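Notes follow the structure.
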Amino acid sequence: MLVALPSATLSPPIVDPGIIVNFGEVSISTAIQNQTIKGYTFSENVANAVTSNLGPGTTLNLNGVSLQSGGGFSAANYVLTVTMPIPVQGFGFGFAILDYTSVADAVTITAFNGLINLGSITFPGVPDPTPPFYFTGGFAGIGSADYFTSVQISFSETALGFAIDNLAIPEPGSLGLMLLGGVALGWRRQRPAARV
């Protein structure tokens, strides 16, 4: 079962120095198709649709170089697959889409353990309050009691374009303890009260 995680669980975008991949590691305009950065391998269903680039500006979730869509394709038909260097229990990133309104289904993350689909979570996007960049965005993060080996990232059909940045995973073991605590709390709440 997947759960949505707040950014603090995985390392807050921009603020925390423990960010795993922020795309400053690759040259500007590098196509992401089949690139491996810090052990993460990226593949696309639309070849060479996404490159590293400056912008769309510093927001709450993006800073400097990010992974961005180009023109000539619909973001709604695009899927970015990220294969992990080792099985993980958490994954997240900051994102922005080319929209200036709140979007309930801005981005979806689907987790896989090999070929087994562990489920999906869809995240909303809200306009960034930082002038002059008011792009719709947010943080999308998932956690799982089961390990997963890859994720697929897809975007709202309303998105004309998108950017992602600051991919992060939790420290080994910390997410497992948090998820175990949540399961124990849920089990305790479901137990019937003892009769006196």
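Observations on the model:
- Net charge of Cβ neighbours under 13 Å - reference Thr58; Lys, Arg +1; Asp, Glu -1: -2
- In terms of other Cβ atoms within 10 Å, Val65, Val50, Val3 run from fewest to most in the order Val3, Val65, Val50.
- Contour minus Cα-Cα distance for Met1 and Asp105 (0.36 nm per residue): 35.5 nm
- Relative intensity of segment 16-86 on a log10 scale, I(q)/I(0) at q = 0.17 Å⁻¹, equals -0.65, per a Debye sum over C-alpha point scatterers of equal strength in the absence of solvent.
- FRET efficiency, Glu157 to Thr36 (Cβ-Cβ, R0 25 Å, nearest 0.05): 0.25
- Sites Asp146 and Thr58, calculated FRET efficiency, Cβ-Cβ separation with R0 30 Å, nearest 0.05: 0.25
Values quoted throughout were computed directly from the atomic coordinates according to the rules given, and no laboratory measurement underlies them. For clarity, every value in this text was computed on a predicted model and none was experimentally measured. So basically every Cβ, Gly included, is an ideal-geometry build from the backbone, and we count neighbours across all protein chains shown.
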